[in-house]
1. Out of the DSSP beta bridges found with both residues in the chain, what percent are antiparallel (nearest 5)?
2. Sort E16, E30 by heavy-atom solvent-accessible area, probe 1.4 angstrom, most to least.
3. GNM on the chain, C-alpha springs below 10 Å: top fluctuator among I242, I325, I22?
4. I'd like the carbon and sulfur percentage of the solvent accessible area for the chain, probe radius 1.4 Å, heavy atoms only, ligands and nucleic acids excluded.
5. Counting only residues 5 or more places away or on other chains, whose amide H sits under 5 Å from the amide H of K178 once H atoms are built in the peptide plane?
6. Would you grab the residues whose amide H sits under 5 Å from the one on I269? Only those 5+ places off in sequence or on another chain, please, with H modelled 1.01 Å from N.
7. Could you check how many percent of all C-alpha pairs in the chain are farther apart than 33 Å?
8. So which GluC sites (Glu not before Pro) in the range 235-284 pass both tests, a DSSP loop state and at most 11 other Cβ atoms within 10 Å of the Cβ?
Amino acid sequence: MRHMIDFTDLTREEWETLYTRISEIIDAPEQFIDVCRGRVSCNLFYEPSTRTNFSFQTAMMRLGGSVFGFADPNSSSVAKGETMKDTIKMVSNYADVVVMRTPWEGSAKAAALYSSVPVVNAGDGGHLHPTQTLADLTTITRLRGGVDGLCIGLCGDLKNGRTVHSLIKAMAKFKDIKFFLISPRELAVPEYIRTFMKTNHMWFTEVTGLEAVIPQLDVLYMTRIQKERFVDPLEYERNKGIYILTRRKLERAKQDMLVMHPLPRVDEITVDVDDDHRAVYFQQARFGMFARMALLEHLSLQKRDDHLPPVEICTKPICTNPRCITQTEHYLPPLIKKIGGIDCCGFCDSVLK
Ligand code: NCD
(Lines give C-alpha, C1' and ligand atoms only; values in the text may rest on other atoms or scores of the structure.)
Protein backbone atom coordinates (compact mmCIF):
# COMPACT_ATOMS: atom_id res chain seq x y z
CA MET A 1 0.00 0.00 0.00
CA ARG A 2 1.64 3.21 -1.21
CA HIS A 3 -1.27 5.63 -0.60
CA MET A 4 -4.56 5.41 1.30
CA ILE A 5 -7.09 6.74 -1.20
CA ASP A 6 -9.77 4.09 -1.27
CA PHE A 7 -10.19 1.06 0.99
CA THR A 8 -10.00 -1.10 -2.14
CA ASP A 9 -6.26 -0.18 -2.18
CA LEU A 10 -5.80 -2.73 0.64
CA THR A 11 -6.07 -6.49 0.34
CA ARG A 12 -7.65 -8.39 3.21
CA GLU A 13 -4.16 -9.62 4.19
CA GLU A 14 -2.88 -6.03 4.28
CA TRP A 15 -5.83 -5.04 6.45
CA GLU A 16 -5.05 -7.95 8.81
CA THR A 17 -1.39 -6.98 9.05
CA LEU A 18 -2.38 -3.38 9.74
CA TYR A 19 -4.95 -4.50 12.31
CA THR A 20 -2.31 -6.53 14.14
CA ARG A 21 -0.26 -3.34 14.43
CA ILE A 22 -3.31 -1.30 15.49
CA SER A 23 -3.98 -3.84 18.26
CA GLU A 24 -0.37 -3.66 19.45
CA ILE A 25 -0.66 0.13 19.62
CA ILE A 26 -3.98 -0.01 21.50
CA ASP A 27 -2.50 -2.44 24.02
CA ALA A 28 0.74 -0.54 24.65
CA PRO A 29 0.76 2.95 23.05
CA GLU A 30 3.78 4.01 25.14
CA GLN A 31 5.96 1.63 23.12
CA PHE A 32 5.39 3.67 19.96
CA ILE A 33 6.33 7.15 21.12
CA ASP A 34 9.47 7.29 18.98
CA VAL A 35 8.68 5.24 15.88
CA CYS A 36 8.11 8.32 13.70
CA ARG A 37 10.64 10.61 15.34
CA GLY A 38 11.83 13.14 12.73
CA ARG A 39 8.95 12.32 10.38
CA VAL A 40 6.66 15.14 9.29
CA SER A 41 3.03 15.01 8.23
CA CYS A 42 1.40 17.76 6.18
CA ASN A 43 -2.31 18.05 6.93
CA LEU A 44 -4.22 19.94 4.24
CA PHE A 45 -7.80 20.50 5.34
CA TYR A 46 -9.70 22.39 2.64
CA GLU A 47 -12.96 21.63 4.43
CA PRO A 48 -14.03 22.01 8.09
CA SER A 49 -12.97 19.21 10.39
CA THR A 50 -12.31 18.86 14.06
CA ARG A 51 -12.17 15.22 14.98
CA THR A 52 -10.45 13.88 11.86
CA ASN A 53 -7.84 16.64 11.83
CA PHE A 54 -7.24 16.31 15.60
CA SER A 55 -7.16 12.54 15.27
CA PHE A 56 -4.44 12.69 12.59
CA GLN A 57 -2.50 15.34 14.49
CA THR A 58 -2.54 13.49 17.78
CA ALA A 59 -1.76 10.21 16.03
CA MET A 60 1.44 11.70 14.56
CA MET A 61 2.36 13.40 17.85
CA ARG A 62 1.96 10.13 19.74
CA LEU A 63 4.43 8.53 17.32
CA GLY A 64 6.99 11.26 18.01
CA GLY A 65 6.52 12.97 14.63
CA SER A 66 5.36 16.48 13.83
CA VAL A 67 2.61 18.09 11.82
CA PHE A 68 2.16 21.24 9.74
CA GLY A 69 -0.54 22.36 7.33
CA PHE A 70 -3.73 24.36 7.23
CA ALA A 71 -7.26 23.95 8.46
CA ASP A 72 -8.48 26.85 6.34
CA PRO A 73 -7.32 27.10 2.71
CA ASN A 74 -7.97 30.86 2.75
CA SER A 75 -4.86 31.22 4.88
CA SER A 76 -2.68 29.56 2.19
CA SER A 77 -1.63 30.13 -1.44
CA VAL A 78 -4.77 28.29 -2.48
CA ALA A 79 -6.47 31.66 -1.94
CA LYS A 80 -4.04 33.17 -4.50
CA GLY A 81 -5.29 30.70 -7.10
CA GLU A 82 -2.62 28.01 -6.80
CA THR A 83 -3.60 24.70 -8.40
CA MET A 84 -3.88 21.62 -6.25
CA LYS A 85 -1.08 20.03 -8.27
CA ASP A 86 1.34 22.82 -7.32
CA THR A 87 0.30 22.76 -3.67
CA ILE A 88 0.92 19.01 -3.54
CA LYS A 89 4.24 19.22 -5.41
CA MET A 90 5.39 21.86 -2.91
CA VAL A 91 4.28 20.21 0.32
CA SER A 92 5.55 16.81 -0.76
CA ASN A 93 9.00 18.44 -0.86
CA TYR A 94 8.69 19.17 2.84
CA ALA A 95 6.69 16.29 4.29
CA ASP A 96 6.91 12.50 4.57
CA VAL A 97 3.16 12.01 4.26
CA VAL A 98 0.28 14.25 3.11
CA VAL A 99 -3.14 13.96 4.74
CA MET A 100 -5.89 15.80 2.92
CA ARG A 101 -9.57 16.57 3.15
CA THR A 102 -11.43 18.48 0.47
CA PRO A 103 -15.00 19.05 -0.74
CA TRP A 104 -14.07 17.67 -4.23
CA GLU A 105 -14.66 14.03 -5.10
CA GLY A 106 -11.55 12.24 -6.31
CA SER A 107 -9.13 14.90 -5.01
CA ALA A 108 -6.89 12.53 -3.05
CA LYS A 109 -6.56 10.28 -6.08
CA ALA A 110 -5.58 13.36 -8.10
CA ALA A 111 -3.05 14.49 -5.49
CA ALA A 112 -1.39 11.07 -5.45
CA LEU A 113 -0.47 11.51 -9.15
CA TYR A 114 1.84 14.41 -8.24
CA SER A 115 3.06 13.53 -4.76
CA SER A 116 6.52 12.14 -4.02
CA VAL A 117 5.25 10.91 -0.67
CA PRO A 118 2.18 8.88 0.37
CA VAL A 119 -1.21 10.63 0.29
CA VAL A 120 -4.00 9.85 2.73
CA ASN A 121 -7.59 10.59 1.83
CA ALA A 122 -9.15 12.10 4.95
CA GLY A 123 -12.44 12.67 3.11
CA ASP A 124 -13.01 13.79 -0.50
CA GLY A 125 -16.41 15.45 -0.64
CA GLY A 126 -19.31 13.01 -0.44
CA HIS A 127 -17.17 10.29 -2.02
CA LEU A 128 -14.90 8.31 0.33
CA HIS A 129 -13.36 8.39 3.80
CA PRO A 130 -11.20 5.26 4.14
CA THR A 131 -9.51 6.15 7.43
CA GLN A 132 -12.92 6.40 9.10
CA THR A 133 -13.35 2.85 7.85
CA LEU A 134 -10.12 1.90 9.62
CA ALA A 135 -11.69 3.26 12.82
CA ASP A 136 -14.94 1.40 12.11
CA LEU A 137 -13.32 -1.96 11.35
CA THR A 138 -11.06 -1.65 14.37
CA THR A 139 -14.08 -0.95 16.59
CA ILE A 140 -16.04 -3.89 15.21
CA THR A 141 -13.09 -6.29 15.38
CA ARG A 142 -12.10 -5.29 18.93
CA LEU A 143 -15.63 -5.35 20.30
CA ARG A 144 -17.17 -8.22 18.32
CA GLY A 145 -14.11 -10.38 17.74
CA GLY A 146 -14.34 -10.14 13.93
CA VAL A 147 -16.29 -8.82 11.00
CA ASP A 148 -17.32 -11.90 8.97
CA GLY A 149 -20.96 -12.92 9.19
CA LEU A 150 -22.34 -9.68 10.65
CA CYS A 151 -25.65 -8.06 9.83
CA ILE A 152 -25.06 -4.31 9.51
CA GLY A 153 -27.61 -1.51 9.27
CA LEU A 154 -26.39 1.71 7.65
CA CYS A 155 -28.84 4.47 8.42
CA GLY A 156 -29.25 8.09 7.30
CA ASP A 157 -27.74 9.97 4.37
CA LEU A 158 -26.33 7.11 2.32
CA LYS A 159 -26.08 9.26 -0.79
CA ASN A 160 -23.70 11.89 0.55
CA GLY A 161 -22.20 9.99 3.50
CA ARG A 162 -18.63 9.21 2.47
CA THR A 163 -18.03 7.08 5.58
CA VAL A 164 -20.79 4.75 4.39
CA HIS A 165 -19.34 4.40 0.88
CA SER A 166 -15.90 3.48 2.22
CA LEU A 167 -17.34 1.06 4.76
CA ILE A 168 -19.37 -0.74 2.08
CA LYS A 169 -16.32 -1.01 -0.17
CA ALA A 170 -14.24 -2.43 2.68
CA MET A 171 -16.91 -5.01 3.52
CA ALA A 172 -16.39 -6.68 0.14
CA LYS A 173 -13.25 -8.17 1.72
CA PHE A 174 -15.23 -10.01 4.40
CA LYS A 175 -17.50 -13.05 4.26
CA ASP A 176 -21.27 -13.35 4.66
CA ILE A 177 -21.97 -9.71 5.45
CA LYS A 178 -25.61 -8.64 5.26
CA PHE A 179 -26.43 -4.98 4.75
CA PHE A 180 -29.67 -3.21 5.51
CA LEU A 181 -29.38 0.18 3.79
CA ILE A 182 -31.82 2.41 5.65
CA SER A 183 -32.49 5.77 4.01
CA PRO A 184 -35.16 7.90 2.38
CA ARG A 185 -35.31 7.04 -1.33
CA GLU A 186 -33.77 10.36 -2.35
CA LEU A 187 -30.76 9.73 -0.06
CA ALA A 188 -30.07 6.15 -1.15
CA VAL A 189 -26.52 5.01 -2.03
CA PRO A 190 -25.10 6.25 -5.37
CA GLU A 191 -25.48 4.03 -8.40
CA TYR A 192 -21.80 3.07 -8.50
CA ILE A 193 -21.99 1.74 -4.93
CA ARG A 194 -25.01 -0.39 -5.83
CA THR A 195 -23.15 -1.72 -8.89
CA PHE A 196 -20.09 -2.37 -6.72
CA MET A 197 -22.15 -4.42 -4.27
CA LYS A 198 -23.81 -6.43 -7.02
CA THR A 199 -20.50 -7.08 -8.79
CA ASN A 200 -18.99 -8.30 -5.52
CA HIS A 201 -22.03 -10.48 -4.75
CA MET A 202 -22.75 -8.64 -1.51
CA TRP A 203 -26.10 -9.22 0.21
CA PHE A 204 -28.02 -5.97 0.67
CA THR A 205 -31.54 -4.70 0.88
CA GLU A 206 -32.68 -1.08 0.74
CA VAL A 207 -35.41 -0.04 3.18
CA THR A 208 -36.85 3.25 4.42
CA GLY A 209 -37.79 2.25 8.00
CA LEU A 210 -35.34 1.79 10.86
CA GLU A 211 -37.55 0.25 13.53
CA ALA A 212 -38.63 -2.81 11.54
CA VAL A 213 -35.05 -4.00 10.93
CA ILE A 214 -33.41 -3.11 14.29
CA PRO A 215 -33.98 -6.57 15.88
CA GLN A 216 -31.91 -8.27 13.15
CA LEU A 217 -28.83 -6.06 13.38
CA ASP A 218 -25.40 -6.78 14.90
CA VAL A 219 -24.20 -3.26 14.09
CA LEU A 220 -26.28 -0.13 13.63
CA TYR A 221 -24.22 2.58 11.92
CA MET A 222 -26.02 5.91 12.22
CA THR A 223 -25.01 8.89 10.07
CA ARG A 224 -25.74 12.60 9.92
CA ILE A 225 -27.79 14.10 7.09
CA GLN A 226 -24.91 15.86 5.29
CA LYS A 227 -26.34 19.39 5.14
CA GLU A 228 -23.30 20.88 3.38
CA ARG A 229 -23.73 18.59 0.35
CA PHE A 230 -27.30 19.58 -0.51
CA VAL A 231 -27.71 21.81 -3.53
CA ASP A 232 -31.44 22.23 -2.82
CA PRO A 233 -32.09 23.51 0.75
CA LEU A 234 -35.66 22.17 0.55
CA GLU A 235 -34.33 18.66 0.04
CA TYR A 236 -32.37 19.06 3.27
CA GLU A 237 -35.42 20.41 5.13
CA ARG A 238 -37.46 17.40 3.95
CA ASN A 239 -34.91 14.94 5.24
CA LYS A 240 -33.43 16.41 8.42
CA GLY A 241 -34.49 14.66 11.59
CA ILE A 242 -35.84 11.72 9.59
CA TYR A 243 -34.12 9.03 11.67
CA ILE A 244 -33.68 9.49 15.38
CA LEU A 245 -32.38 6.62 17.46
CA THR A 246 -33.82 6.75 20.97
CA ARG A 247 -33.49 4.54 24.02
CA ARG A 248 -36.99 3.27 23.40
CA LYS A 249 -36.15 2.13 19.86
CA LEU A 250 -33.09 0.33 21.21
CA GLU A 251 -35.28 -1.86 23.42
CA ARG A 252 -35.94 -4.17 20.47
CA ALA A 253 -32.28 -4.43 19.46
CA LYS A 254 -29.95 -7.32 20.33
CA GLN A 255 -28.12 -6.93 23.63
CA ASP A 256 -24.76 -7.16 21.89
CA MET A 257 -25.57 -4.88 18.95
CA LEU A 258 -23.07 -2.03 18.48
CA VAL A 259 -24.40 1.49 17.91
CA MET A 260 -21.77 3.29 15.86
CA HIS A 261 -21.53 6.78 14.37
CA PRO A 262 -18.57 8.55 12.71
CA LEU A 263 -19.61 11.79 14.50
CA PRO A 264 -20.37 14.66 14.66
CA ARG A 265 -23.93 13.84 15.64
CA VAL A 266 -26.69 16.37 15.15
CA ASP A 267 -29.98 14.86 16.35
CA GLU A 268 -29.91 11.34 14.93
CA ILE A 269 -29.04 9.74 18.28
CA THR A 270 -30.64 11.15 21.42
CA VAL A 271 -28.26 11.83 24.32
CA ASP A 272 -29.92 9.24 26.56
CA VAL A 273 -28.55 6.53 24.25
CA ASP A 274 -24.98 7.54 25.24
CA ASP A 275 -25.20 5.64 28.53
CA ASP A 276 -26.45 2.43 26.94
CA HIS A 277 -23.69 -0.23 26.91
CA ARG A 278 -24.25 -0.69 23.16
CA ALA A 279 -23.35 2.92 22.31
CA VAL A 280 -19.69 2.79 21.24
CA TYR A 281 -19.28 5.94 19.12
CA PHE A 282 -16.94 7.77 21.47
CA GLN A 283 -14.79 4.68 21.85
CA GLN A 284 -14.87 4.37 18.04
CA ALA A 285 -13.23 7.82 17.77
CA ARG A 286 -10.46 6.71 20.14
CA PHE A 287 -9.87 3.55 18.14
CA GLY A 288 -9.69 5.82 15.10
CA MET A 289 -6.69 7.65 16.51
CA PHE A 290 -4.85 4.36 17.15
CA ALA A 291 -5.74 3.11 13.67
CA ARG A 292 -4.32 6.32 12.17
CA MET A 293 -1.14 5.82 14.19
CA ALA A 294 -0.60 2.45 12.53
CA LEU A 295 -1.36 3.92 9.12
CA LEU A 296 0.96 6.92 9.56
CA GLU A 297 3.73 4.66 10.79
CA HIS A 298 3.36 2.46 7.72
CA LEU A 299 3.17 5.32 5.21
CA SER A 300 5.51 7.97 6.61
CA LEU A 301 8.43 5.53 6.92
CA GLN A 302 8.31 4.71 3.20
CA LYS A 303 11.06 5.88 0.88
CA ARG A 304 10.07 8.99 -1.07
CA ASP A 305 9.75 8.75 -4.85
CA ASP A 306 11.30 11.73 -6.61
CA HIS A 307 11.02 10.19 -10.08
CA LEU A 308 7.29 10.12 -10.68
CA PRO A 309 6.20 9.25 -14.23
CA PRO A 310 4.87 12.18 -16.29
CA VAL A 311 1.11 12.61 -16.09
CA GLU A 312 -0.97 13.12 -19.24
CA ILE A 313 -2.55 16.58 -19.52
CA CYS A 314 -6.26 16.67 -20.23
CA THR A 315 -7.50 18.13 -23.48
CA LYS A 316 -11.15 17.09 -23.20
CA PRO A 317 -12.94 16.59 -19.84
CA ILE A 318 -14.85 13.32 -19.61
CA CYS A 319 -16.61 13.47 -16.23
CA THR A 320 -19.81 15.49 -15.84
CA ASN A 321 -20.19 15.11 -12.06
CA PRO A 322 -20.19 18.77 -10.89
CA ARG A 323 -18.43 17.75 -7.65
CA CYS A 324 -15.60 15.88 -9.36
CA ILE A 325 -12.09 17.27 -8.88
CA THR A 326 -11.69 17.33 -12.68
CA GLN A 327 -14.25 20.17 -12.78
CA THR A 328 -11.96 22.51 -10.87
CA GLU A 329 -8.48 21.17 -11.76
CA HIS A 330 -8.72 21.16 -15.55
CA TYR A 331 -5.28 19.68 -16.32
CA LEU A 332 -6.08 16.28 -14.72
CA PRO A 333 -5.83 13.30 -17.09
CA PRO A 334 -8.99 11.58 -18.38
CA LEU A 335 -8.96 8.49 -16.15
CA ILE A 336 -11.52 5.75 -16.73
CA LYS A 337 -12.16 2.69 -14.58
CA LYS A 338 -14.63 -0.14 -14.96
CA ILE A 339 -17.08 -0.87 -12.17
CA GLY A 340 -19.16 -3.95 -12.99
CA GLY A 341 -18.26 -3.54 -16.68
CA ILE A 342 -19.48 0.08 -16.73
CA ASP A 343 -17.18 3.01 -17.58
CA CYS A 344 -16.75 5.27 -14.53
CA CYS A 345 -14.59 8.29 -13.77
CA GLY A 346 -11.23 7.17 -12.38
CA PHE A 347 -11.32 9.99 -9.83
CA CYS A 348 -14.87 10.22 -8.46
CA ASP A 349 -16.31 6.82 -9.59
CA SER A 350 -19.38 8.47 -11.24
CA VAL A 351 -20.80 6.62 -14.20
CA LEU A 352 -19.56 8.34 -17.39
CA LYS A 353 -22.41 9.55 -19.58
C1 NCD B 1 -17.56 12.27 9.01
C2 NCD B 1 -17.11 13.00 7.77
O3 NCD B 1 -16.42 14.00 7.86
O4 NCD B 1 -17.47 12.51 6.71
N5 NCD B 1 -16.95 12.72 10.17
C6 NCD B 1 -15.72 12.27 10.50
O7 NCD B 1 -14.81 12.22 9.73
N8 NCD B 1 -15.57 11.81 11.73
C9 NCD B 1 -19.03 12.20 9.13
C10 NCD B 1 -19.82 13.47 9.09
O11 NCD B 1 -19.28 14.57 8.97
O12 NCD B 1 -21.04 13.36 9.22
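1. The antiparallel fraction comes to roughly 15 percent.
2. From most exposed to least exposed: E30, E16.
3. I242
4. Numbers: 8040 of 15180 Å².
That fraction is 53 percent.
5. Residues meeting the criterion, in which the H sits 1.01 Å from N, are L150, C151, I152.
6. Residues meeting the amide H criterion: L245.
7. Here the tail beyond 33 Å accounts for 26 percent of pairs.
8. Details: sites: E235, E237, E251, E268; in loops: E251, E268.
Here the sparse-neighbourhood loop sites are E251.
The values are calculated or read from the model by the stated rules, or taken from the named source; none is laboratory data. What you see is a predicted model; the values in this text were computed from it and never measured. No Cβ is skipped: glycine too gets one built from the backbone with ideal geometry, and neighbour counts run over all protein chains shown. Quick note on the areas: whole protein, heavy atoms, side chains included, nothing else; ligands and nucleic acids left out. Shrake-Rupley method; radii C 1.70, N 1.55, O 1.52, S 1.80 Å.
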